[in-house]
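Remarks on the structure that follows.
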Amino acid sequence: MTSEIVILCNPHANQSKAAAVASRLQQIAPPSPQVEWVFTSYPRHAVQLARQIAEQGCRKLIAMGGDGTVHEVVNGVMHLPPEQRPIIGIIPVGSGNDLAGSLKIPADPVDALKLALDGSVGNVDIARIEDDRGHGEYWTNTLGIGFDAVVNIRSRSIRWVRGFLIYFLSALQTILFNHTPLGLQAVQDGKRWQAHLLMLVLCNGRREGGAFWVAPQASPQDGKLDYLGIRRISRLQMLYTIPFVMQGTHQRLPYACQGRFQKLELVSDHPLYIHTDGEIYAGLDSTIRQIRVEAIPSAIRMNIPSTG
């Protein structure tokens with residue numbers, strides 16, 4: 001029988017720095033009949049482990065890693081009916097930790113562990129994407145289409161630099177080689193619109209990439225998703241736009257469009273490149289041209305700071 005509390009750790013998070021943090025935290029929450037430490041070994045391993053742990057009756061499942069680890073844990077537990085899903089805690093030790101930031105979970109791992117073990121519980125929204133291949137998955141923070149997704153994909157092949165410089169170089173490559181607007185037809189909560197967009201980011205949380213405030217007004221607890229679209233502009237204008245998105249001041253740009261929705265259907269005249277929570281959902285070989293996205297209000301119970 002699984003312990004009542006399981007800490008599911010991705011030791012490879014943040015260039016494997018998470019492993020050292022886990023060793024330190026095990027002094028605070030050592031393995032015991034009540035607390036069990038489980039470590040992932042490969043990509044998407046946390047999906048399998050989270051599902052198994054939840055099915056065995058774990059009361060609280062703490063995801064230790066980055067946004068990708070939280071993404072996998074949520075996809076694991078969502079296979080169960082709501083009453084069987086464990087409470088989710090987060091110890092943010094990834095490179096971005098964007099969902100944790102939106103939920104005001106402490107950045108310090110020790111404080112985050114204490115919150116995950118003993119903190120208040122609140123309901124948190126997630127979302128789901130389904131595509132024309134018949135595939136679907138849940139996501140928790142952001143879903144990026146077009147420019148945003150290609151930058152994420154290209155960043156994985158850049159090994160010789162770190163931090164923001166990875167994103168900047170990836171963005172330059174994307175501006176040079178993937179500057180193709182998508183002709184989109186949309187149905188947003190029953191209302192139709194169409195546009196040519198270079199980038200479309202759907203947001204449950206407020207930021208992505210650790211520094212890009214794509215939806216400063218978003219909340220993972222309001223039952224809605226926000227979006228940011230960038231219309232067809234020149235390559236130079238796209239480069240000019242990046243600092244505005246970093247500061248969350250892109251609302252002033254005439255070619256930026258925003259909105260909120262509960263359900264969104266998209267049909268594209270080009271294949272869609274997509275990331276979900278920084279994980280590649282549809283890469284540069286994508287054939288996807290149609291997706292459906294829906295917010296799932298209060299899908300997960302999480303240990304988050306009290307708002308009272």
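Mind listing whichever residues of segment 249-268 are surrounded by fewer than 19 Cβ atoms within 10 Å (Cβ to Cβ) and in contact (Cβ under 8 Å) with a residue 40 or more places away in the chain?
We begin by selecting, within segment 249-268, every residue surrounded by fewer than 19 Cβ atoms within 10 Å (Cβ to Cβ); these are 249, 251-260, 262-263, 265, 267.
If the condition is that a residue be surrounded by fewer than 19 Cβ atoms within 10 Å (Cβ to Cβ) and in contact (Cβ under 8 Å) with a residue 40 or more places away in the chain, then CYS257, GLN258, GLY259, GLN262, LYS263, GLU265, VAL267 are the ones that fit.
Among the residues in segment 104-122, are any assigned to a strand (DSSP E or B) and under 17 Å from the mean Cα position of the chain (by Cα)?
Filtering segment 104-122 for residues assigned to a strand (DSSP E or B) gives 121-122.
Now restrict to residues that are under 17 Å from the mean Cα position of the chain (by Cα): none.
No - not one qualifying residue is present in segment 104-122.
Cβ contacts < 8 Å: first residue within 16 Å of LEU172 (Cα to Cα), restricted to segment 226-242; second residue part of a strand (DSSP E or B), any location; separation 6+ or different chain. Result?
Every condition considered, the pairs that remain are ILE233/LEU198; MET238/LEU198; MET238/ILE230; THR241/ILE230; THR241/ALA256.
Checking the conditions here, which among THR180, THR142 is open to solvent by 60 Å² or more (accessible area, probe 1.4 Å) and touching a residue at least 60 places away in the same chain (Cβ under 8 Å)?
Values: THR142 fails: open to solvent by 60 Å² or more (accessible area, probe 1.4 Å).
Answer to the selection: THR180.
Taking segment 22-48 only, how many residues are within 17 Å of THR69 (Cα to Cα), in a helix (DSSP H, G or I) and touching a strand residue (DSSP E or B) at 6+ places or on another chain (Cβ under 8 Å)?
Number satisfying all stated conditions: 2.
Scan segment 129-138 and tell me whether some residue there is among the hydroxyl-bearing types (Ser, Thr, Tyr), more than 24 Å from ARG289 (Cβ to Cβ) and buried (at least 18 other Cβ atoms within 10 Å of the Cβ). Give the steps one after another, and end with the answer.
Going residue by residue through segment 129-138, those that are among the hydroxyl-bearing types (Ser, Thr, Tyr) are 138.
If we keep only those that are more than 24 Å from ARG289 (Cβ to Cβ) too, we end up with none.
So far as segment 129-138 goes, no, none of its residues is among the hydroxyl-bearing types (Ser, Thr, Tyr), more than 24 Å from ARG289 (Cβ to Cβ) and buried (at least 18 other Cβ atoms within 10 Å of the Cβ).
Just a yes or no: is a residue in segment 122-135 among the hydrophobic types (A, V, I, L, M, F, W, C), touching a helix residue (DSSP H, G or I) at 6+ places or on another chain (Cβ under 9 Å) and over 20 Å from VAL245 (Cβ atoms)? Quick ask: steps written out before the conclusion?
Filtering segment 122-135 down to residues among the hydrophobic types (A, V, I, L, M, F, W, C) leaves 124, 126-127, 129.
From what's left, touching a helix residue (DSSP H, G or I) at 6+ places or on another chain (Cβ under 9 Å): 124, 126.
Restricting the remaining residues to those that are over 20 Å from VAL245 (Cβ atoms) gives 124, 126.
Checked against the condition, which is being among the hydrophobic types (A, V, I, L, M, F, W, C), touching a helix residue (DSSP H, G or I) at 6+ places or on another chain (Cβ under 9 Å) and over 20 Å from VAL245 (Cβ atoms), segment 122-135 yields at least one hit.
Between a first residue in segment 147-172 that is within 18 Å of HIS275 (Cα to Cα) and a second residue that is of a type in the set (Lys, Arg) and assigned to a helix (DSSP H, G or I), which pairs have beta carbons less than 7 Å apart while being 6 or more apart in sequence or on different chains?
SER170/ARG154
Among the residues in segment 234-241, are any open to solvent by less than 20 Å² (accessible area, probe 1.4 Å) and more than 25 Å from ASN303 (Cβ to Cβ)? Steps first, answer last, please.
So in segment 234-241, the residues open to solvent by less than 20 Å² (accessible area, probe 1.4 Å) come out as 238, 241.
Of the ones still in play, those that are also more than 25 Å from ASN303 (Cβ to Cβ) are 238, 241.
Scanning segment 234-241, I find at least one residue that is open to solvent by less than 20 Å² (accessible area, probe 1.4 Å) and more than 25 Å from ASN303 (Cβ to Cβ), so the answer is yes.
All but one of (1) part of a loop (DSSP other than H, G, I, E, B); (2) open to solvent by less than 70 Å² (accessible area, probe 1.4 Å); (3) under 18 Å from ASN152 (Cβ atoms); (4) touching a residue at least 24 places away in the same chain (Cβ under 8 Å) hold for PRO271; state the number of the condition that does not hold.
(4)
At pLDDT 95 or above and under 30 Å from ILE28 (Cα atoms): is that true of VAL214 in this structure?
no
Suppose we filter segment 214-231 for residues that are over 21 Å from THR307 (Cβ atoms) and crowded, with 21+ Cβ neighbours inside 10 Å; how many remain? Lay out the reasoning, then the answer.
Let us first name the residues in segment 214-231 that are over 21 Å from THR307 (Cβ atoms), namely 214, 227-231.
If we keep only those that are crowded, with 21+ Cβ neighbours inside 10 Å as well, we get 214, 227-230.
Looking only at that region, the number is 5.
Which residues, taken from segment 68-95, are part of a loop (DSSP other than H, G, I, E, B) and over 24 Å from GLN26 (Cβ atoms)? Walk me through how you get there before you give the answer.
Just the residues of segment 68-95 that are part of a loop (DSSP other than H, G, I, E, B), to begin with: 78-81, 85-86, 93-95.
Result: MET78, HIS79, LEU80, PRO81, ARG85.
Quick check on SER155: is it modelled with pLDDT under 95 and open to solvent by less than 10 Å² (accessible area, probe 1.4 Å)?
For SER155, the condition - modelled with pLDDT under 95 and open to solvent by less than 10 Å² (accessible area, probe 1.4 Å) - is not met.
With the requirement that a residue be under 18 Å from LEU49 (Cβ atoms) and either of a type in the set (D, E, K, R) or open to solvent by less than 30 Å² (accessible area, probe 1.4 Å) (or both), what does segment 1-24 give you? Walk me through it before giving the result.
Taking segment 1-24 and keeping what is under 18 Å from LEU49 (Cβ atoms), we get 1-13, 18-19, 22.
Those that are under 18 Å from LEU49 (Cβ atoms) and either of a type in the set (D, E, K, R) or open to solvent by less than 30 Å² (accessible area, probe 1.4 Å) (or both): THR2, SER3, GLU4, ILE5, VAL6, ILE7, LEU8, CYS9, PRO11, ALA13, ALA18, ALA22.
What tally of residues in segment 283-300 results from selecting those that are more than 20 Å from VAL187 (Cβ to Cβ) and either open to solvent by 90 Å² or more (accessible area, probe 1.4 Å) or among the aliphatic types (A, V, I, L, M) (or both)?
Counting residues in segment 283-300 that are more than 20 Å from VAL187 (Cβ to Cβ) and either open to solvent by 90 Å² or more (accessible area, probe 1.4 Å) or among the aliphatic types (A, V, I, L, M) (or both) gives 5.
Filter segment 49-67 down to residues that are buried (at least 18 other Cβ atoms within 10 Å of the Cβ) and part of a loop (DSSP other than H, G, I, E, B) and give me whichever is farthest from the chain's Cα centre (by Cα).
Going through the qualifying residues, I end up with CYS58.
The values are calculated or read from the model by the stated rules, or taken from the named source; none is laboratory data. As the structure is a computational prediction, the values presented were derived from the model and not from experiment. We place every Cβ from the backbone using ideal geometry, glycine too, and count neighbours over all the protein chains shown. Calculation scope for accessible area: heavy atoms of the full protein, side chains included, ligands and nucleic acids excluded. Shrake-Rupley method; radii C 1.70, N 1.55, O 1.52, S 1.80 Å.
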